[in-house]
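A short worksheet on the structure shown next.
Rule-based calculations on the coordinates, nothing more; no lab input. Note that this is a predicted model, so its numbers are computed, not measured. Positions of Cβ are generated from backbone atoms using ideal geometry, with glycine treated the same way; all protein chains shown enter the neighbour counts.
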Amino acid sequence: MKRGDASFTFLSRIREIEWNIEDGRWQSALALALTLPDICGGIEYPELVKTYRDGRIMRDRSGEPARDVGNQYIRWFDQFAAEYFKRNPEDDRPYLSGERCWQLRCEYLHQNKGFANEEGQAETYFHLGINCGTSVCMPESDAAKQQNEHIRLDIQQICSRMCLAARAYYENNHEKKDFSLYNTPVLDFVQWAKRGEEIGKTIAIVCPDRDYGEAIRAVLKKVSGLIEVFRDPEGARVYLKKKKPALWIITGEMAEQKNQPWKTDGVPVIVLSGTAPEDEDGKYLRMPIPFSIEMLRENVRKRLL
C-alpha cells in the first residue's frame with residue numbers, strides 16, 4: 001500500500017468485522033458481515049444479471065449489465081458459506097439458508113421491519129441475540145413449522161462464521177479472481193502530504209507474496225509506523241525514486257533479482273532466507289526461516305538506531 005493510500009480491501013473488511021466482534025460492537029459487525037456475500041457473489045457469478053420479461057439485459061447507469069444481486073448473494077451463500085452455518089458438522093442442512101440470509105441482510109440494512117419480539121403482520125421474524133451460548137436458538141427448519149417463522153440467531157456466531165466462509169473463499173480464489181475491484185478507495189491526506197519528508201525513515205519490505213509481506217508489516221507496527229510493502233525491486237524503485245529508506249527487508253529470492261536498489265545505496269538489509277548475498281561490509285543480516293517475531297523486531301530496532 002503506497003503512502004497516503006489507506007484503501008479498504010476485502011481482507012480489511014473481514015478484519016474490521018473481527019475487531020468489532022472483539023469490542024462487542026454488534027451492530028457494526030453484523031452490518032459489515034452481511035455485505036460479504038454481496039461482494040463474493042458479484043465476484044463468483046458475474047454472469048447473473050437482471051433481465052426484462054422479453055429477455056433483454058437491464059443496464060445500470062454506466063451502461064453495464066445490471067447485477068442480479070439477490071441471486072448472486074443467495075447462490076454464493078448456499079455454495080460457499082452454508083457448510084459454516086451447521087450446528088453440527090454431520091447435519092444435512094445449515095440452520096440458515098442463502099434465501100433467509102438475503103432476507104436478513106435486506107431487512108437489517110434497509111428496512112429493519114422484520115425484528116420484533118411481539119406478534120405482528122410479518123411472516124418471518126428474526127430475533128437477534130448475544131451471549132446465547134449457541135449459534136442458533138431456532139433454525140429455519142423448525143421455524144417453518146409455525147404459523148409465523150421466528151428465527152433466533154446469535155450475532156457473534158453469524159459474524160464469525162461469515163468471516164470464516166469469506167476468508168476461505170478468498171484464500172481459494174484470490175489468485176484467480178480480482179478482489180481489488182471491490183476495494184474502497186481511501187486517501188490519507190496527512191500521510192500523502194508527508195510522503196517526501198518521511199520516505200527516508202521508511203522500512204521497505206520487498207516480497208513477491210503480498211500476504212507474507214503484509215504479515216511482516218503487521219508484526220513490525222510496534223517498531224515503526226512507516227512501512228511500505230513491494231512485490232519486486234522495480235516497484236520499490238519507482239515509488240522511492242532517488243530517495244533511500246532507512247532499512248530494507250527482503251526475502252531470499254529477491255537477492256537474485258536484477259536492478260536491486262539496495263545493492264548500492266548503503267542502506268542495511270535484512271534477508272529472510274536460508275542464504276544471503278556475499279557481504280564484505282556487513283550490509284546484510286541473514287535471518288534463517290523460521291525466525292521468531294521478537295528477534296525480527298529486535299534486529300530491526302538495532303538497524304534503525
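A few points about this structure:
- Considering only 19, 41, 51, the residue lying farthest towards the positive end of the dipole of the range 2-82 is 51, judged by Cα position with unit charges set on Cβ.
- Length available on full extension from residue 215 to residue 90: 0.36 nm per residue minus the Cα-Cα distance, which gives 41.5 nm.
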